[in-house]
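Beneath this line is the structure, given in structure tokens, with notes to follow.
Please treat every number below as a calculation from the coordinates, not as lab data. Source: prediction; values computed, not measured. Backbone-built Cβ (ideal geometry, glycine too); neighbour counts: all protein chains shown.
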Amino acid sequence: MRDTVARTHAIVRKELVDTFRDRRSGTVTLLSSILAGPILLILIFNLMARQVDRAHDLTLPVKGAERAPAVVAFLERQQVTIATAPADYEDAIRRGDLDVVLVVDNGFAADVAQGKPGRVQLVYDRSRDRARPSIEQAETLLAAYNRLWGEQRLLLRGVASTVGNPLRIESADLATPQQSGALVLFLVAYYGLFAALMGGMAVALDTTAGERERQSLEPLLTTPARPMEIVVGKWLAVVAFDALVVTLTLTGFYLTLAFAPLPPVGVPFLFGAREFGRFLVVLVPMILMLPAILLYVGSRARAYREAQANVSVLLFVVSLIPLVQLFMQRKEPSWLMLVPVSAQYSLLNTSLRGEAPAVTQLALSWLAPLVLIVVALGAFARRLSRESILSST
Amino acid sequence: MIDVDALAKAFGRRGEVQAVRGVSFVAPDGEITGLLGPNGAGKTTLLRMIATLVAPDAGRARVDALDVVADRYAVRRRIGVLSDARGLYPRLTARENVRYYGRLHGLAGTPLEARIDALFATLGLAPIAERRTAGFSQGEKMKVAIARALVHDPRTILLDEPTNGLDIISVRMLRDELRKLRAQGKCLLFSSHVMQEVAALCDRIVVLAHGRVVAHGTASELTAQAATTSLEDAFVALLGSEEGLAA
């Protein structure tokens, strides 16, 4: 037993020294994990700030403004800057130069005079995310003017305005201030998971497929080190490095949000020391599980490049699961906690909304990763005892 | 001492590739035993079975009376293996490479460092001990691999084609090292497909072809057995052809 601990310890130490001296897996991974948070957040916040600005100072090019002066006057009272639409406004929208254009129908004045609805047209390209706030604001303003005008007409005829509006819609948004900014929430949670995957990837492949490629595995197997000692030693080393990468990534997020001069976008987004801690707790099963799987996948390949190709499936699954959840937009089923990656993504989101993940959920989220760790490490050890792992010369 | 008795190993799905078919020989302590045979004769598989890396299908092999299957880990503590694959860790220094293996063999602290110093002094590695092995020449890498295989002072030493890819100076250095080890009473088993190599160094020669022992004895016994005057002629006569006789 003492020998086992000593040998495992020797393997962990050697693997860590080896990793920190490696530019490819060590230095690059560490650097990118430190920089990821700041770069991502600054990009997103600037994007959101621009959207907020657009929505606040809507500039609406109008074609035929002179045919509907009352509409234009209403819009101007609502702080909208009215511009003259260019002749090629449709192309301009397609190119993305303009967000939305209001076209007043030629027969607008005549229709209104005869008591028919006056036709106005909003021209836009809804597939452009950037344009969406402007489009929505224009639609809301026109709907508001429509209602106002209708109420005035009813009043003239001596009818209470409530007759025409039997329904009064009031919205009560239950989102706490932190619950807005869903995009930022998604990305931070996503990136936390991603760091746990990427942090261990290069190292795990280098220590398995790389070791085989460099022909240093066969000599290692002639030492008294048992396959399980080699497996656990390598696993602990990769886990330690992975934990470091995740911590650095989260530190990057934390420092950026706490100290960087981010533009105010009205998202009092919360990622303080408490969220930092909750993130780490939620991610522990991933930090233990993903390196185990990566090591097994790496041990199946003869060379580093081959292992990289094999690992792309894992990469695909782990990065796709949160996207699927994002688009499902339903209340999460209770069995979700049993699905690795899914459970963690959901719990990360809970933490970001300022809530503490429930202990029962946390416990459930550990089950599948624990099973997978045992299976992956066992399979890796079995591969090391197989003759086919030896270089075929 | 290595004692191999009717050892056999086949590869492939249905065992259609018979790499080693019933090999028996004894390699005593204080001698260098050469495994001579053309490429594909089964030398590497035989050495891997003695090194406990590959389990035999039939027969048995023992190192100092310990079975290579049943007492696998006890055997590993007694053998030093310079396998055909002798990759080092390029980002570790020469000393760190050897120290890693020393620790895996249960050595630590001052005794381990003293052992490394002694090995590096003998092998002429002292000046480059603290340099990363990434930039080492083939000869320097070979020396580090030898130091790594000998760090735990094994009684039995297995070497698979150790001169492959070495220049003449490194080959001479290696021969001198092996003779020194023999003088210390070690048991050395050395495989090669180069006849001159084996003739220059080995006390006894086991000639392998197609996974079988075709002859066994000292250089002069082999010459007598084949009724020829030179070992080269004897080798050709014993193999039954000139295949794989590249020098």
Exercise for the section: Give me a single rounded figure for B:93-104: the average over its residues of other chain Cβ atoms within 10 Å of their Cβ. Expected result: 5
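How big is D for the range A:57-170, in µm² s⁻¹ as a whole number, if Stokes-Einstein is applied with the Kirkwood radius of its Cα pairs at 25 °C and 0.890 mPa s?
Estimated via Stokes-Einstein, D reaches 160 µm²/s.
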Problem - DSSP loop GluC sites (Glu not before Pro) with at most 14 other Cβ within 10 Å: longest gap in chain A - result: A:171-354
Exercise for the section: For peptide B:78-85, compute the average count of partner chain beta-carbon atoms within 10 Å of each residue's beta-carbon. Expected result: 4
Practice task
Among A:LEU60, A:GLN137, A:GLY158, flag the residue with its Cα farthest along the positive direction of the charge dipole of the range A:57-170, charges on Cβ as +1 for Lys/Arg and -1 for Asp/Glu.
Solution key: A:GLY158
Handout entry: Separation of the A:GLU306 and A:VAL374 label points, Cα + 7 Å toward Cβ, nm
Key = 3.1 nm
Exercise for the section: Based on other C-beta atoms within 10 Å, arrange A:SER134, A:SER365 from fewest to most. Expected result: A:SER134, A:SER365
Practice task
Using a 10 Å cut-off on Cβ atoms, rank the peptides B:92-104, B:188-200 from the highest mean neighbour count down.
Solution key: B:92-104, B:188-200
Completion exercise
trypsin sites (Lys or Arg not before Pro) in the range A:322-367 lying in a DSSP loop, each with at most 12 other Cβ atoms within 10 Å of its Cβ, come to A:ARG330, A:LYS331
Problem - Dipole-positive endmost among A:LEU102, A:LEU122, A:LEU148 within the range A:57-170 (Cβ charges, Cα centre) - result: A:LEU148
Handout entry: Most mobile of A:PHE316, A:PHE20, A:PHE194 in a GNM of chain A (Cα contacts under 10 Å)
Key = A:PHE316
Practice task
Any chance you could tell me what percent of the C-alpha pair distances in chain A go past 32 Å?
Solution key: 53 percent
Completion exercise
The lysines whose Cα lies under 22 Å from the Cα of A:LYS116, excluding any fewer than 8 residues away in the same chain, are A:LYS63
Practice task
Any lysines with Cα under 20 Å of the A:LYS234 Cα? List them, leaving off those in the same chain fewer than 8 positions away.
Solution key: A:LYS14
Practice task
Could you work out the Rg to Rh ratio of chain B, with Rh taken as the Kirkwood radius (inverse of the mean 1/r over all Cα pairs)?
Solution key: 0.98
Problem - In nm, spacing of pseudo-spin labels at B:ALA74 and B:ALA126 (7 Å Cα→C-beta vector) - result: 3.9 nm
Exercise for the section: Hey, can you grab everything whose amide H is under 5 Å from the amide H of B:ALA10? Only 5+ residues off in sequence or another chain; H modelled, so Pro and N-termini drop out. Expected result: B:ALA19, B:ASP57
Handout entry: Fluctuation leader among A:ALA343, A:ALA70, A:ALA36 - chain A, Gaussian network, Cα springs under 10 angstrom
Key = A:ALA70
Exercise for the section: Give me a single rounded figure for A:222-232: the average over its residues of other chain Cβ atoms within 10 Å of their Cβ. Expected result: 5
Problem - Computed E for B:ALA58/A:THR27 - FRET, C-beta separation, R0 35 angstrom, nearest 0.05 - result: 0.10
Problem - Helix-only [θ]222 nm of chain B, DSSP H runs n ≥ 4, -39500 (n - 2.57) each, per residue, nearest 500 - result: -11000 deg cm²/dmol
Handout entry: Reachable lysines from B:LYS43, criterion Cα separation under 20 angstrom, eight or more residues apart if same chain
Key = B:LYS9
Problem - Computed magnitude of the charge dipole of chain B (debye, nearest 20; Cβ of K, R +1, Cβ of D, E -1) - result: 980 debye
Exercise for the section: Using only Cα positions of the range B:36-144, each an equal point scatterer, no hydration layer, compute I(q)/I(0) via Debye at q = 0.11, 0.24 Å⁻¹ and quote the log10 values to two decimals. Expected result: -0.46, -1.23
Handout entry: Positive dipole terminus of the protein assembly as shown, leading residue within A:GLN78, A:VAL371, A:TYR345 (C-beta point charges)
Key = A:VAL371
Practice task
Name all residues of the range B:155-175 having a backbone nitrogen under 17 Å from the label point set 7 Å from the Cα of B:VAL194 along its Cα→Cβ direction, giving them as ranges.
Solution key: B:159-175
Completion exercise
Ranked by GNM mean-square fluctuation in chain A (Cα springs under 10 Å), the top entry among A:TYR190, A:TYR145, A:TYR345 is A:TYR145
